[in-house]
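S.K.: Starting off with a structure, shown below.
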Amino acid sequence: MTVEIVSTLAAIDPAQWNRLTSGNPFLRHEFLHALHETGCASDHSGWSPRFLVAFEGQRLTGAMPLYVKSHSRGEYVFDWAWADAYQRHGLEYYPKLLCAIPFTPVSGPRILGESESVIESLASKVLDVARESKASSLHCLFPPDDQTQRLAGKGMMVRHGVQFHWVNEGDATFDEYLARMNHTKRKKIKQERRKVIEAGISFRWLEGAAITEADWSFFARCYTRTYREHHNTPYLNEAFFQRIGKTMPENMLLIVAERDCKPIAASFNVRSADRLYGRYWGAIEHHPMLHFEACYYQTIEYCLARGLAVFEGGAQGEHKMARGLMPVQTSSVHWLAHPQFAEAVEAFLARETQGIDHYIDELRERTPFAAHPLP
């Protein structure tokens with residue numbers, strides 16, 4: 001087996017790459033290459049691809065999505081305080097090495113391999129690369145539990161976070177789903193949905209090849225507008241959305257809100273065989289409760305209709321619990337080259353983990369579901 005570092009996926013066969021992804025749409029060659037080729041995650045934007053790839057002859061047997069980062073934006077695991085501490089002590093925190101899917105707080109494999117031996121080799125190799133580089137640190141975001149423990153066993157520090165996911169309990173309809181909630185939450189959701197209906201708003205689910213270039217243009221307009229209304233620069237551009245709409249349509253879902261037969265808002269979702277991932281939304285008109293309908297209630301209805309097991313609602317947001325999305329622990333792992341800073345961060349993470357565990361326990365006690373659901 002030979003391991004190389006590549007700065008582009010252009011020469012990697014998409015079929016060989018996708019064979020290693022376990023069906024995760026965000027790891028697909030088409031998704032990652034689109035991020036790079038459209039400039040969203042590129043040298044210019046501070047995401048310099050340095051992927052580890054393993055070959056046996058001409059056969060791709062393993063890979064890791066690895067980037068050299070010159071900032072910490074678009075990661076959803078916040079290390080701003082660490083960077084600030086480095087600066088205050090006259091040290092450089094950037095560049096750093098990051099193993100992650102750009103702009104995507106979704107758990108999934110970060111070490112892709114067709115065998116345990118390949119995964120083990122890459123887990124060791126990435127730490128060798130970090131030690132030999134001029135990077136201050138190595139971070140791996142949202143790996144699954146087995147890879148978290150594998151990297152922790154090699155000396156990386158584990159950090160925990162919280163997301164909110166909806167789980168399909170087998171309800172046939174949204175009304176059946178609501179029947180399992182307590183009276184207060186059920187009443188509030190019905191009121192919120194009624195406000196959207198009374199505003200004359202309806203919804204269309206656009207899937208796969210049914211999403212036209214005009215639909216993608218409209219969504220990109222909504223997405224960009226919403227980011228700028230919050231005084232933020234959007235991470236993605238229309239070229240990216242148009243590209244993945246063509247290259248991986250089977251994973252695409254747009255939920256479009258319409259009023260007077262004209263589109264006014266849209267939410268962008270990505271699906272796998274059994275999961276739906278809520279990613280972005282935007283609107284060109286403001287209507288009360290439209291965000292909750294487009295991003296939560298419509299997506300839950302879609303999961304029920306298509307038999308999907310889980311809806312992941314993205315990063316943060318306790319307000320999601322009132323809609324039935326419950327807390328789930330996530331993980332990241334970290335290695336810092338500077339021994340004194342590594343020791344300080346390890347002590348911080350020990351305290352933070354205790355707080356996260358207590359926070360999740362507290363959240364679960366505030367479940368929106370009734371002990372005895374309606375018959």
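Every number in this text was worked out from the coordinates using simple rules, so none of it is lab data. Quick caveat: nothing in here was measured; it's all calculated off a predicted structure. Here Cβ is always computed from backbone atoms with ideal geometry, including for glycine, and neighbour counts include all displayed protein chains.
S.K.: Can you give me the long-range amide H partners of residue 162? Hydrogens built in the peptide plane at 1.01 Å from N, cutoff under 5 Å, separation of 5 or more residues or another chain.
M.R.: Placed amide hydrogens put 330 under 5 Å from residue 162.
S.K.: Can you give the Kirkwood hydrodynamic radius of the range 259-359 from its Cα pairs, in Å with one decimal?
M.R.: After inverting the pairwise mean of 1/r, the radius is 16.7 Å.
S.K.: Could you tally the net charge around residue 13, taking each other residue with its Cβ under 12 Å from the Cβ of residue 13, Lys/Arg +1 and Asp/Glu -1?
M.R.: Taking every Cβ under 12 Å from that of residue 13, the sum is +2.
S.K.: Which Cys residues of the chain have no other Cys Cβ less than 4.7 Å away and so no disulfide-compatible partner by this rule?
M.R.: 40, 222, 261, 295, 303
S.K.: May I ask you to evaluate 6.51 cos²θ - 1.76 cosθ + 1.60, the Karplus curve with θ = phi - 60°, for each residue of the range 221-234 and list the ³J(HN,Hα) values in order in whole Hz, giving x for glycine and proline?
M.R.: Once rounded to whole Hz, the list reads 4, 5, 4, 5, 4, 5, 4, 5, 4, 9, 6, 10, 8, x.
S.K.: Right, next: Determine, for each peptide in 134-141, 338-345, the mean count of other beta carbons within 10 angstrom over its residues, then list the peptides with the highest first.
M.R.: Highest to lowest by the protection proxy: 134-141, 338-345.
S.K.: Continuing with this model, one more query. Given the options 41, 305, 315, state which has the largest fluctuation in a GNM of the chain using a 10 Å cut-off (strictly under) for Cα springs.
M.R.: Evaluated over the chain, the most mobile residue of the options is 305.
S.K.: With θ set to phi - 60°, apply the Karplus curve 6.51 cos²θ - 1.76 cosθ + 1.60 along the range 140-147 and write out the HN-Hα couplings as whole Hz, x wherever there is a Gly or Pro.
M.R.: 10, 9, 6, x, x, 4, 5, 6
S.K.: Apply the Karplus parameterisation 6.51 cos²θ - 1.76 cosθ + 1.60, with θ equal to phi minus 60°, to every residue of the range 330-343 and state each ³J(HN,Hα) to the nearest whole Hz, in sequence, with x for glycine and proline.
M.R.: Whole-Hz 3J(HN,Hα) from phi for the range 330-343: 10, 9, 9, 10, 9, 10, 10, 5, 6, x, 5, 5, 4, 5.
S.K.: Starting from a Cα-only point model with no solvent, please compute log10 I(q)/I(0) by Debye for the range 169-308 at q = 0.09, 0.13, 0.15, 0.21 1/Å.
M.R.: The computed values of log10 I(q)/I(0) come out as -0.28, -0.58, -0.77, -1.33.
S.K.: To the nearest 500 deg cm²/dmol, what mean residue ellipticity at 222 nm is calculated for the chain from DSSP H runs of n ≥ 4 alone, each contributing -39,500 (n - 2.57), summed and divided by the residues?
M.R.: One gets -11000 deg cm²/dmol as the mean residue ellipticity at 222 nm.
S.K.: Could you tell me which residue out of 74, 22, 47 lies farthest along the dipole of the range 1-125 toward its positive end? Charges go on the beta carbon: Lys and Arg +1, Asp and Glu -1, centred on the Cα centre.
M.R.: Of the listed residues, the answer is 74.
S.K.: Could you give the size of the charge dipole of the chain about its Cα centre, using +1 on the Cβ of each K and R and -1 on the Cβ of each D and E, expressed in debye and rounded to the nearest 20?
M.R.: Its charge dipole is roughly 740 debye.
S.K.: Nearest 5 is fine: what % of DSSP beta bridges in the chain come out antiparallel, could you say?
M.R.: Of those bridges, close to 90 percent are antiparallel.
S.K.: Can you sort 333, 68 so the residue with the fewest Cβ neighbours within 10 Å comes first?
M.R.: Going from least to most buried by this count: 68, 333.
S.K.: The range 134-169 to the range 44-121: how many Å between their Cα centroids?
M.R.: Their Cα centres are 12 Å away from one another.
S.K.: Search the structure for amide H atoms under 5 Å from the amide H of residue 72, placed 1.01 Å from N in the peptide plane, and list their residues when 5 or more places away or on another chain.
M.R.: Under 5 Å from the amide H of residue 72: no residue qualifies.
S.K.: Name the long-range amide H neighbours of residue 264: under 5 Å, sequence gap of 5 or more, or other chain; modelled H, no Pro or chain starts.
M.R.: Those qualifying (amide H under 5 Å, at least 5 residues apart or on another chain) are 257, 258, 259.
S.K.: Then there's this: State which entries of 96/125; 125/154; 188/320; 188/262; 190/320; 262/320 exceed 18 angstrom in Cα-Cα distance in the structure shown.
M.R.: Violating the 18 Å Cα-Cα cut-off are 188/262; 262/320.
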